[in-house]
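J.: Have a look at the structure that comes next, please.
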Amino acid sequence: MKIEDYLNISPYSLSKRDKRKFLISELNKLTQIHYEGSTEYKSILDSYNKNFFNYDNYESFYPMPVRLFKEFDIKTCKSEEVLKVLTSSGTTSQKVSKIFLDKETSGLQTNALVKIMQTYLGKERLPMLIIDSKSIFKDRKQFSARGAGILGLSNFGRDHTYVLDEHMNLDEGLIKDFLNKHGNKKFLIFGFTFMVREYLYQEAINKKLKIDLSNGILIHSGGWKKLVEKAVTNEVFRSDLNEIFSLRSIHDFYGMVEQVGSIFVECEYSFLHAPIFSDILARDPITHKVLKFGQKGLLQVLSILPRSYPGHSLLSEDIGTIYGEDDCKCGRAGKYFKVHGRLPKSEVRGCSDTHASEVVTNK
Amino acid sequence: MMKIVAPNNITNLDQLDIEQNVYEPFASLSIEFIDDVSKNILKDNAFKEFPELLALAFWMRKAHIMKLKNYFLEKSQDEFLLGKGIVFHLAPSNVDTIFVYSWFISLLVGNSNIIRISDKENHQIDILLNSILMVLNLKKYKKFQKRVAIIKYGHEDKITELLSSLCDCRVIWGGDTTVQHIRSIPIKPTSTELIFPDKFSFSIIKASEFIGLSNFDKFYENFYKDAYSFNQMACSSIKLVVWVGEENIIDKSKILFWNNLSIYLNKRTHEDIQGAEIMNKLVAEASLAITNNTPIKKYKNPLINVVELDSLKFADEFYHPGAGLFYEIKVSDLSEIYKFITRKHQTIAQFGYSKDELKNSIKSNMPNGIDRIVPIGQALDFSNIWDGNDLFLSFCRQIDIQ
């Protein structure tokens with residue numbers, strides 16, 4: 001089967017055996033392609049002096065630390081084939097990941113995303129409320145992860161309505177107008193988890209706004225770090241939105257700029273699901289041995305989409321638990337899991353009190 | 001937030017009044033104080049789980065202090081040595097015991113002391129401080145109220161400026177950046193400064209001796225101590241292993257060494273190692289692979305990753321993440337290493353060489369760096385001679401009487 005045909009299979013329909021067979025053959029092909037195309041990737045594989053090809057299991061593929069994309073420009077395609085460069089949204093002092101996309105990879109990512117999202121949203125474009133500000137698109141050349149996320153999801157919407165101004169103030173008028181027009185039928189809401197909570201939910205509470213989002217489907221992402229600090233768990237997040245806005249259809253998704261497209265969306269039972277384009281492993285954070293279902297560990301994400309950069313097998317810095325495969329109550333096939341947060345940063349030890357725990361390499 | 005830990009009768013720095021006059025070196029009150037602190041620590045079960053703190057307590061025992069006294073008297077036989085006055089110690093935030101060694105050596109030669117401790121949370125430092133304060137606040141040490149100040153604060157230059165203006169000698173323990181930064185803050189024209197910047201340490205193993213070793217367990221225990229304490233991040237921690245000898249013996253030794261170290265590590269628990277440190281290691285070794293195409297070897301235990309370098313030249317320049325990343329290099333003769341030695345190199349933890357061999361080797365090669373050479377197992381032991389300075393002498397003035 002070709003990947004184009006594979007993309008036409010419903011994203012949660014393959015059982016373990018069929019999925020694994022196709023993914024492993026693709027991942028082997030990709031390892032070969034990246035080994036030949038990326039000098040950085042080749043250097044790493046050569047350094048370990050191992051035969052990295054033709055594996056028959058996920059565990060054996062080199063799990064590339066995702067942070068390397070922050071330290072080096074790593075790509076497999078030729079420079080003239082680069083269509084766009086995605087960057088992660090780092091805070092001021094942090095380095096950002098740079099992900100080089102060519103036409104093929106970008107196309108595959110878009111297609112995969114469409115297939116996944118359609119299972120939640122249907123095939124028609126829905127009116128779309130965006131809990132963000134248009135000002136995020138100031139620099140068109142470099143897409144930040146936030147911008148890329150919005151643009152990616154925008155394909156599923158129409159009448160895109162950005163309800164925050166550049167200072168993150170909520171424009172109630174815009175929401176009211178939108179709801180007058182579209183509120184009676186199914187519509188799409190997209191925003192980053194933290195922003196939905198702070199700039200929509202908290203604003204509505206503070207200003208005692210009455211907003212009815214009962215026909216909305218909220219897709220959100222971005223991680224829970226800031227919210228967990230405020231003791232807002234996924235359960236609290238969901239039940240609060242339900243109570244204030246009558247919003248019931250809420251789907252978090254887990255994805256990263258290093259693997260756009262093959263995202264993991266949250267089902268009705270609050271589990272994230274691996275679609276047929278990607279898979280996931282949890283590893284012990286110290287030994288990196290692959291863990292059994294139910295054990296908490298470092299997540300490794302596998303995806304068959306990255307062709308222009310070696311991002312098909314990545315070791316994330318996220319901690320999560322995989323609960324099972326093919327037997328979630330929601331009926332979707334594939335592994336289902338939860339993400340608990342980031343790998344805690346290491347304490348600085350030793351004589352010096354100035355070293356950052358972030359890696360600094362000589363280039 | 002600034003906090004004055006001692007003296008306990010002042011609440012802000014304007015009230016700080018530290019005596020500049022010195023005590024006689026090894027005054028009995030100073031020795032008694034240090035011995036009392038030692039006793040206080042040794043009777044407290046809270047310290048049992050911290051070997052570095054216990055080692056400190058043993059260093060402070062009266063019997064050992066008397067040895068140091070003899071050593072000092074021998075050094076000062078024909079000269080007249082007196083303390084400098086007020087010594088200001090800036091301690092690093094993560095090697096918990098350094099500030100005590102630095103302070104107590106200075107106290108022993110008769111100085112008043114001001115100690116800066118980082119305001120970062122640190123359980124070990126807190127229990128250590130509590131134990132010291134308990135003794136310091138005893139009535140019999142009332143005189144010390146004006147001879148010691150312990151101040152906890154973050155990177156607040158204003159405070160460092162004030163304390164620097166008071167001292168006759170400033171001691172900076174810290175990384176290069178800290179040292180550089182604090183050096184830009186003036187001290188009195190008559191004051192001196194002692195600095196301890198980032199250093200790089202390594203191990204040298206004579207392969208022919210290693211291969212004939214009978215007690216391997218002791219060897220690994222010693223190596224473990226020097227490499228894995230402080231997660232390999234102290235200035236004296238072993239980060240590189242230099243094998244010396246014939247190629248075929250080295251190759252045999254290497255396999256034996258790393259495999260057996262792996263077995264040794266499997267027997268120990270490593271509760272303090274963090275996932276982030278392992279991740280940093282993976283990133284560091286992959287980065288090295290990209291920039292230098294260095295071969296990486298993994299072993300059964302996750303705390304051993306060995307990166308083969310073809311030259312010692314750059315080893316100290318790479319970011320070292322700790323967590324059991326070792327650089328490795330082989331040479332046919334010890335003399336081959338010296339051309340790469342710089343001021344940055346501190347400790348050689350060696351195996352297989354006699355003291356005379358080492359002395360002759362240093363004598364004939366006169367390297368630009370290297371502060372100490374110790375048997376494997378003693379790299380992290382504190383000594384009053386550090387980075388080429390004898391602290392006893394550095395905290396003193398020598399009065400020349402003709």
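J.: Let me confirm something: among A:157, A:183, A:223, A:173, which residue is more than 15 Å from the chain's Cα centre (by Cα) and within 30 Å of residue A:308 (Cα to Cα)?
T.: Being more than 15 Å from the chain's Cα centre (by Cα) and within 30 Å of residue A:308 (Cα to Cα) holds for just one of A:157, A:183, A:223, A:173, which is A:157.
J.: Considering every residue within region B:85-99, establish whether at least one is assigned by TED's automatic domain parsing to the domain that holds residue B:144, out of contact with any strand residue (DSSP E or B) (no Cβ under 9 Å at 6 or more places or on another chain) and touching a residue at least 12 places away in the same chain (Cβ under 8 Å).
T.: Checked against the condition, which is being assigned by TED's automatic domain parsing to the domain that holds residue B:144, out of contact with any strand residue (DSSP E or B) (no Cβ under 9 Å at 6 or more places or on another chain) and touching a residue at least 12 places away in the same chain (Cβ under 8 Å), region B:85-99 yields at least one hit.
J.: Next question. Looking at region B:323-339, which of its residues are modelled with pLDDT of 90 or more and either within 11 Å of another protein chain (Cβ to nearest Cβ) or in a helix (DSSP H, G or I) (or both)?
T.: B:323, B:324, B:334, B:335, B:336, B:337, B:338
Yes/no matrix, rows are residues, columns are (1) among the basic types (Lys, Arg); (2) in contact with a helix residue (DSSP H, G or I) (Cβ under 7 Å, 6 or more places away or on another chain):
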| site | (1), (2) |
| --- | --- |
| A:199 | no, no |
| A:210 | yes, no |
| A:236 | no, no |
| A:248 | yes, yes |
| A:258 | no, yes |
| A:262 | no, yes |
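J.: Right, something else. Among the residues of region B:186-218, count how many are in contact with a strand residue (DSSP E or B) (Cβ under 7 Å, 6 or more places away or on another chain) and not acidic (Asp, Glu).
T.: 16
J.: Next question. So which residues in region A:97-128 are within 18 Å of residue A:74 (Cα to Cα), touching a residue at least 40 places away in the same chain (Cβ under 8 Å) and not in a helix (DSSP H, G or I), if there are any at all?
T.: A:97, A:99, A:100, A:101, A:102
J.: Still on this model: Show me the helices (runs of 4 or more DSSP H) found entirely inside region A:144-247 where at least 1 residues are free of Cβ contacts under 8 Å to residues at least 40 places away in the same chain and under 30 Å from residue A:258 (Cα atoms).
T.: Of the helices (runs of 4 or more DSSP H) lying wholly inside region A:144-247, those with at least 1 residues that are free of Cβ contacts under 8 Å to residues at least 40 places away in the same chain and under 30 Å from residue A:258 (Cα atoms) span A:145-154, A:225-229, A:234-245.
J.: Give the residue that is farthest from residue B:398 (Cα to Cα), with candidates limited to residues of region B:61-82 that are assigned to a helix (DSSP H, G or I) and aromatic (Phe, Trp, Tyr).
T.: The qualifying residue farthest from residue B:398 (Cα to Cα) is B:71.
J.: Let me ask something else about it. For region B:298-310, how many residues meet the condition of being surrounded by fewer than 20 Cβ atoms within 10 Å (Cβ to Cβ), farther than 15 Å from residue B:239 by Cβ and either among the hydroxyl-bearing types (Ser, Thr, Tyr) or more than 8 Å from chain A (Cβ to nearest Cβ) (or both)?
T.: Number satisfying all stated conditions: 3.
J.: Would you pick out the residues in region B:203-223 that are farther than 12 Å from residue B:351 by Cβ and either among the basic types (Lys, Arg) or in contact (Cβ under 8 Å) with a residue 40 or more places away in the chain (or both)?
T.: Within region B:203-223, B:217, B:221 qualify.
J.: Then there is this: Can you find a residue that is under 20 Å from the mean Cα position of the chain (by Cα), buried (at least 19 other Cβ atoms within 10 Å of the Cβ) and polar (S, T, N, Q) anywhere in region B:333-346?
T.: yes
J.: Could you tell me which of the residues A:286, A:276 is assigned to a loop (DSSP other than H, G, I, E, B), within 14 Å of another protein chain (Cβ to nearest Cβ), on the phi < 0 side of the Ramachandran plot and not aromatic (Phe, Trp, Tyr)?
T.: That would be A:286, the only listed residue that is assigned to a loop (DSSP other than H, G, I, E, B), within 14 Å of another protein chain (Cβ to nearest Cβ), on the phi < 0 side of the Ramachandran plot and not aromatic (Phe, Trp, Tyr).
J.: Does residue B:276 meet the test of being part of a helix (DSSP H, G or I), over 22 Å from residue B:229 (Cβ atoms) and within 7 Å of chain A (Cβ to nearest Cβ)?
T.: When the stated conditions are applied, residue B:276 does not pass them.
The values are calculated or read from the model by the stated rules, or taken from the named source; none is laboratory data. Fair warning: this is a prediction, and the values are worked out from it, not measured in the lab. For neighbour counting, all protein chains shown are included, and Cβ atoms are generated from backbone atoms with ideal geometry for every residue, glycine included.
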